[in-house]
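The values are calculated or read from the model by the stated rules, or taken from the named source; none is laboratory data. No experiment lies behind these values; they were computed from the predicted model shown. Ideal geometry is used to build each Cβ from the backbone, glycine not excepted, and the neighbour counts take in all protein chains shown. In case anyone asks, the SASA skips ligands and DNA or RNA and just uses the protein heavy atoms, side chains included. Shrake-Rupley method; radii C 1.70, N 1.55, O 1.52, S 1.80 Å.
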Amino acid sequence: MKLWGGRFQKETDALVNDFNSSIQFDCRMYREDIQGSMAHAAMLGKCGIISQEDAEKIVEGLKAVLADIESGKAELTAENEDIHMNVERLLTARIGDAGKRLHTARSRNDQVAVDLRLCLRREIDAVKAEILDLQQVIADKAKENQETVMPGYTHLQRAQPISFAQHLLAYGAMLSRDVTRLEDCRKRMNECPLGSGALAGTTYPIDRFMTARDLGFDRPMGNSLDGVSDRDYVIELLSALSILMMHLSRFSEEVILWCSWEFKFVELDDAFSTGSSIMPQKKNPDVAELVRGKTGRVYGSLMGMLTAMKGLPLAYNKDMQEDKEQVFDAIDTAKMCLPVFAGMLRTMRVLPENMRAAAGRGFINATDCADYLTKKGMPFRDAYTTVGSLVYYCTTHQKLLEELTLEELKKISPLFEEDVYEALKLENCMGQRKSYGGPAVSETGRQIEELEAFIKAHKS
Ligand code: ARG
């Protein structure tokens, strides 16, 4: 018979049994479920709601159930619907009546909320650790490429010269925001719903501060209805993971472009790329493509949960059981993508000559040419127009700016002198961009230092 079978005259239909049960996915929270129950039992004993002896029996019994689940001895069944009732059944089978007292002053509604918060809190720490590892790979690669000149793009058109380090460090900065976003989310998540009961609290003299403290929460949630009906923390985590995946997806897109023959800025390691079943020459960036593709499913989970929650009246509704599969899938996806992406990046061979050659075409030093005239006294807007006509002249004469003779240059403006050639060298164009946050070596050096300090400060 079901734990809740008392008021029922019929067996649950087999279809309903399968449809309703969540054990296939909430079994993942068995540790948290037991941890929450231990704290609850200890509190019941301490407050005199059950005897100290029963409380101790429950805690010991739960330890044994934990061991049985971990060793595979205990069977978790769909008949028992979810992890909460499975654990309670296993406990009662072991210790008898004391086990039946565990659910005093509690409901599965506050139980599932506490389990999920505990579980997601742990998962956030795991995702964060993976992000920090990826950031270290970025810092290492950036160190090797502070002088590697590449074209910076806007509209995917060559724009101004930057270093490969500068490009990588942009992702380093994005990932730092992902880390702090996860930390913020964890902070708000860290309130304890246990003791909210089914929805309306309880008449027993429970101590919610005690259970909150024992379980490592900052405080108990202040409203019992909110305690059981809130899934903001799931949606917030899914949002943070979606943004993280959006970053990885943009990075992936660039890696895919960079290793195409059209760019050839990088070469992926054999161990991190794949071949074609028909085209013998192919080496494909499957890892990057899959990361880009999997971003969609994480967004899907976010949309799924936002939609599942949008029409729900307070307090608990069974719709909310949909939260676990989606958030677990998103976590697993991020946890799978991060290390494989880091490995791909770590082993990727950078081809500086190709980056430099690409930067050499496309008049990427045109702004620097205008800046040269401006520094010689011409107003910037006039310098801009002057260089615009120079670029036009170059395109009609098949020349680069630095290939024009001084006479050709002087014809356009007498301000040009011999030193213009130095000013147009890409290494100088990049190296002189020393403004705070710029690509000059001094600035990428500062960024690398700060990134490494960030990694150290956020490692737990
Ligand atoms: N398996 C349920 C869930 O994941 C647990 C809570 C069930 N509560 C209830 N009143 N049916 O949401």
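Inspect the range 1-14 for any residue being open to solvent by less than 40 Å² (accessible area, probe 1.4 Å), free of Cβ contacts under 8 Å to residues at least 60 places away in the same chain and more than 15 Å from the ligand (Cβ to nearest atom) and give the result as yes or no.
no
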Residues that are surrounded by 15 or more Cβ atoms within 10 Å (Cβ to Cβ) and more than 21 Å from the chain's Cα centre (by Cα), drawn from the range 303-316 = Ala308, Met309, Ala315, Tyr316
ask   = What's the number of the condition Gly96 fails, among (1) under 21 Å from Gly197 (Cβ atoms); (2) surrounded by fewer than 16 Cβ atoms within 10 Å (Cβ to Cβ)?
value = (1)
request  = Give me a count of the residues in the range 107-121 that are open to solvent by 20 Å² or more (accessible area, probe 1.4 Å) and within 12 Å of the ligand (Cβ to nearest atom).
outcome  = 2
Residues that are open to solvent by 10 Å² or more (accessible area, probe 1.4 Å), more than 16 Å from the ligand (Cβ to nearest atom), more than 18 Å from Ala105 (Cα to Cα) and among the aliphatic types (A, V, I, L, M), drawn from the range 21-68 = Ala64, Leu66, Ala67
inquiry  = For the range 404-422, give me each residue that is under 47 Å from the mean Cα position of the chain (by Cα) and not β-branched (Val, Ile, Thr).
reply    = Tyr421, Glu422
query = Out of all the residues in the range 409-460, which are among the hydroxyl-bearing types (Ser, Thr, Tyr), touching a residue at least 60 places away in the same chain (Cβ under 8 Å) and either open to solvent by 40 Å² or more (accessible area, probe 1.4 Å) or closer than 29 Å to Leu390 by Cβ (or both)?
reply = Ser460
ask   = Given the structure, is Leu215 more than 24 Å from Lys335 (Cα to Cα), crowded, with 17+ Cβ neighbours inside 10 Å and touching a helix residue (DSSP H, G or I) at 6+ places or on another chain (Cβ under 8 Å)?
value = yes
query = Across the range 294-328, what is the total count of residues that are within 12 Å of the ligand (Cβ to nearest atom) and of a type in the set (Lys, Arg)?
reply = 2
task = Working only within the range 162-184, note down all residues that are hydroxyl-bearing (Ser, Thr, Tyr), part of a helix (DSSP H, G or I) and either open to solvent by less than 30 Å² (accessible area, probe 1.4 Å) or at positive phi (or both).
result = Tyr171, Ser176
query = Only one of Ala159, Ala200 is modelled with pLDDT under 95 and not in a helix (DSSP H, G or I); which?
reply = Ala159
remark   = For the range 131-143, pairs from a residue that is surrounded by fewer than 24 Cβ atoms within 10 Å (Cβ to Cβ) to a residue that is not in a helix (DSSP H, G or I), with Cβ under 7 Å and 6 or more apart or across chains, are Leu132/Lys459
inquiry  = Where the second residue is at pLDDT 95 or above and surrounded by fewer than 21 Cβ atoms within 10 Å (Cβ to Cβ) and the first is within 20 Å of Ile455 (Cβ to Cβ) and hydroxyl-bearing (Ser, Thr, Tyr) and lies in the range 169-196, which pairs have Cβ atoms under 7 Å and are six or more apart or on separate chains?
reply    = Tyr171/His247; Ser176/Phe454
note = Those residues of the range 282-298 which are in contact (Cβ under 8 Å) with a residue 60 or more places away in the chain and not in a helix (DSSP H, G or I) amount to none
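Quick grid of which residues meet (1) open to solvent by 40 Å² or more (accessible area, probe 1.4 Å); (2) under 16 Å from the mean Cα position of the chain (by Cα); (3) of a type outside the set (A, V, I, L, M, F, W, C):
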{"position": "Phe265", "(1), (2), (3)": "no, no, no"}
{"position": "Gly275", "(1), (2), (3)": "yes, no, yes"}
{"position": "Lys282", "(1), (2), (3)": "yes, no, yes"}
{"position": "Ser301", "(1), (2), (3)": "no, yes, yes"}
{"position": "Met320", "(1), (2), (3)": "no, no, no"}
{"position": "Asp332", "(1), (2), (3)": "yes, yes, yes"}
{"position": "Val340", "(1), (2), (3)": "yes, yes, no"}
{"position": "Arg349", "(1), (2), (3)": "yes, no, yes"}
note = Scanning the range 145-166 residue by residue, those of a type outside the set (S, T, N, Q) and without any contact (Cβ under 8 Å) to a residue 40 or more places away in the chain turn out to be Tyr153, His155, Leu156
